[in-house]
Structure formats: structure tokens, C-alpha cells
Amino acid sequence: MKFAIIKERKNPPDRRVVFSPIALKEFKTKFPKAEVVVETSDIRVFKDSQYQELGIDVVKDVSNADVMIGVKEVPKEALIPNKKYFFFSHTIKKQPYNRELLKVILEKNIELYDHETIVKQNNSRLIGFGRYAGLVGAYNGFRALGLRDGLFTLPKVENLPDLDAVKAELDKIKVPNIKILLSGTGKVAKGAKEILDYLKIKEVSDALYLTSEFTEPVYCMADVMEYNKRTDGQVGNKHAFYKDPSGYQSNFMPYAKQTDFFIAGHFYGDAAPYLFTRQDAKDPEFRINLVADVSCDIDGPVASTIRPSTIADPFYGYDAKTEQEVAFNAKGCITMMAVDNLPCELPKDASEGFGETFLEHVIPAFYNNDADGVLERAKMTENGKLTKRYSYLQDFVDGKE
């Protein structure tokens, strides 16, 4: 079987790649029967020569490969018929802007494996860039704090070579006496937690966080059952909530009244209660004045996230009274960081981490008859049709919803 690491063609350019040169060499060592080529690229974080130096073929034409592996959506015109493709298609939530992409994938008889659909039997994600989104998101939040309040100046992550350089910049700052809330317990939240712990900010329990003030900066990591509660007053269950959140309501306001800086690292499921609404943000006791929304659901559970921001212009302000956007440092506003492609700012580390997990969880499935069902669960399309697991997308493809 022949694998091709394809060039990223989506704009704005994404410098990430699924496999670093070292990871690809390990791939070839572990699976000597595999043939691997890299499509030449002038934007990738690793140069063509870095692959070639490790004996990996770099070519202009990958059309004779069987499996195409990329990061972002492949433009419709660049899709090669009758191939297997791995990339983030951004279609599984029926994203309207990629309806035509999914239609073309079906028309071209492509087997699509979305990185988001590569999951364990319990549907938890096996691979992803979540950790790096959390790392960069938390750093960007502190960068916004420093700029807004004139405390310190942190450079943009995209201007730093790697995570070590990011941490070296954090060594230079002093965090003021603020209370920080981090929502979630998954890869994104754990990435953000790495930054908080690196800054030696003290972690405190929910009970202490909600009832005390401190003489040093502190943070609290809140799980979904802390900021949601059952409407009938009974004790909530996380797994039941994930299956059906309809019997729950938000319990976020006690946190909002005790928090200066909120890092949103949670996963938000369909029909789950919003964490806070625009009306909640008008409450005189609502204390949050800075949000790093790594999850970045627009007009959703974090009411002040009214649009995504960009790597070039990462911050804006939200005026709770008028519900309008203002300058990020406007008096009385909630300063927002809502970049929706954060791992792009740390392409080298993100690519290296992604490749390690892809090699561990995905590639073996091609050589062990998919013993763990990884490929079977991930496969979205086959023989020009949606697979049974993703048949719920048929009305979306047909334009009926």
C-alpha cells in the first residue's frame, strides 16, 4: 500500500502536516511493506529537504498513491477519484459551507476518513490537535491580559519557533492576583492547564474557588457536572448528560461571579445548556472580563463569543450592555480571544504530536486487518455512498436540511 502526505491547499495557508520527517521515518521502519511519498510543498513547516535527508521520496505527483493524508479540507478540484483520504472535512456537524465538498467526495467515489471520526469504541477521540489549541489559547489569553492592562508584552506564538520558546516568554511575566476558571477535562483543557501549571498558578478546589478570595493568582478546573445541574434537583451523571442533556440547566453563574479570566476548554454537545447567556452577562455580579474561548462555538454557550477572531487580529471586546463588539481594551467590556485555528500558530510541535498519535492508532489498522475497528468507525463514505454510521448526513448532502 502506498501512502502520500499531501500538500495543504486551503487558504489561508496551514503549515501543519500529519507526519514530521522523523515520524515518517519511524513509519517506514515499523511498516517496511508500506511505500510512503511526500508531495512537494513550499508552505509546510518542514522543508522538502528535511524529508529527503531521511531517505523519504518527495514528489510532484502523488496520483499513484492509495491513501492520501492531509490536515485541512482538500479543495474539490484537487480531490483524486477512487482514493482513500484522511483530513478534517468539517462535515460531521452538517457544516453548510462544506456541503458541496461532501457531495464531490461521494461523486468521486472517495473513501473519506475524517480525523474527527477516528475514535475509540466509546467514541472518545484518538487523535487531534486539541492539546496545542489549549496551549496556544491559554497563552493568548495572558497575552491579551498583558496588552489590555499594560502589565507586560508577550509576542505572538506564530513568531516563536516552538513550545520551548513559548514557555521562555512566559518566564518573563508576572500574573496579577486574579481568579481563573478553566472549563473541561479533555485534551484542550489539559493543554491550557499545562500553561497555568507552568506559570505556577495555584490550583484550588471548586468549593474554595466559589467561596474565597486569595492573595495570589489561582485557577479552578471545572468539569461538566460542576457547571450543569439537573432541573429536578437530583444528582447529575456525566455519561447520562452526554447522551441526553435535556434535563439539565446551567449552573455557571456561581463561577461567573467569582471569575476574572475564563478559559473555555470544554466540549459543547448539541442541545446542552449554554454556560452563560447575553442576559447573564448583564448581571451586575457577572465578574468575567477576559475570555479565551478555545472551543469557539459562535453565538453559542459562551454568549460573548459573537464571532471567531484571527491569528492576525486575535482580540476583540464584547459590550454586555449593548451586546455589540467594541475594542478589546474598551472600558467595562469582556475582552475576547476566539481564534478558531489555534494549533496553526504552533505548527512544528502540533505536527510532531499529531504524527506520533496517528502512527500509534491509525497506521497499524492497515496491517492488522483493522483489529480494533478504528478504520471501520472512521470511514464516512464508501462506494459513492455514506456508510451506515454516517447515514444521518444524507439529508444534509441532499440539501434537505
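Bear in mind these aren't lab numbers, they're just calculated from the coordinates by the rules spelled out. Since the structure is predicted, the reported quantities are computational estimates derived from the model, not experimental observations. We place every Cβ from the backbone using ideal geometry, glycine too, and count neighbours over all the protein chains shown.
The helices (runs of 4 or more DSSP H) falling completely within segment 272-385 that include 1 or more residues that are within 16 Å of G137 (Cβ to Cβ) and out of contact with any Ser or Thr (no Cβ under 6 Å at 6 or more places or on another chain) map to 347-361.
Taking segment 76-91 as the search range and keeping residues that are among the hydrophobic types (A, V, I, L, M, F, W, C) and surrounded by 14 or more Cβ atoms within 10 Å (Cβ to Cβ), which one is farthest from the chain's Cα centre (by Cα)? Filtering segment 76-91 for residues that are among the hydrophobic types (A, V, I, L, M, F, W, C) and surrounded by 14 or more Cβ atoms within 10 Å (Cβ to Cβ), the one farthest from the chain's Cα centre (by Cα) comes out as I80. Scanning segment 31-52 for residues that are in contact (Cβ under 8 Å) with a residue 12 or more places away in the chain and under 25 Å from P13 (Cα atoms) returns V36, V37, V38, E39, T40, S41, I43, R44, V45, F46, Q50, Y51.
Restricting segment 92-151 to residues that are among the hydrophobic types (A, V, I, L, M, F, W, C) and part of a loop (DSSP other than H, G, I, E, B) leaves a set whose member that is farthest from the chain's Cα centre (by Cα) is L151. Selection of segment 162-185 for residues being surrounded by fewer than 17 Cβ atoms within 10 Å (Cβ to Cβ) and outside any helix (DSSP H, G or I) yields D162, D171, K172, I173, K174, P176, N177. Within segment 223-268, the residues that satisfy the criterion of being more than 22 Å from the chain's Cα centre (by Cα) and among the small types (G, A, S) are G233, G236, A240, S246, G247, S250, A256.
The set of residues in segment 343-386 being among the hydroxyl-bearing types (S, T, Y), farther than 30 Å from T310 by Cα and surrounded by 18 or more Cβ atoms within 10 Å (Cβ to Cβ) consists of T381 alone.
Within segment 47-72, the set of residues being touching a Ser or Thr at 6+ places or on another chain (Cβ under 6 Å), surrounded by 15 or more Cβ atoms within 10 Å (Cβ to Cβ) and either of a type outside the set (D, E) or assigned to a loop (DSSP other than H, G, I, E, B) (or both) comprises just one member, V58. Taken over segment 213-255, the criterion of being loosely packed, with under 12 Cβ neighbours inside 10 Å and closer than 19 Å to I201 by Cβ is satisfied by E213, T215, E216.
Checking each residue in segment 142-161 for being touching a residue at least 12 places away in the same chain (Cβ under 8 Å) and surrounded by fewer than 18 Cβ atoms within 10 Å (Cβ to Cβ) picks out G146, L147, D149, L151, F152, P155, K156, E158, P161.
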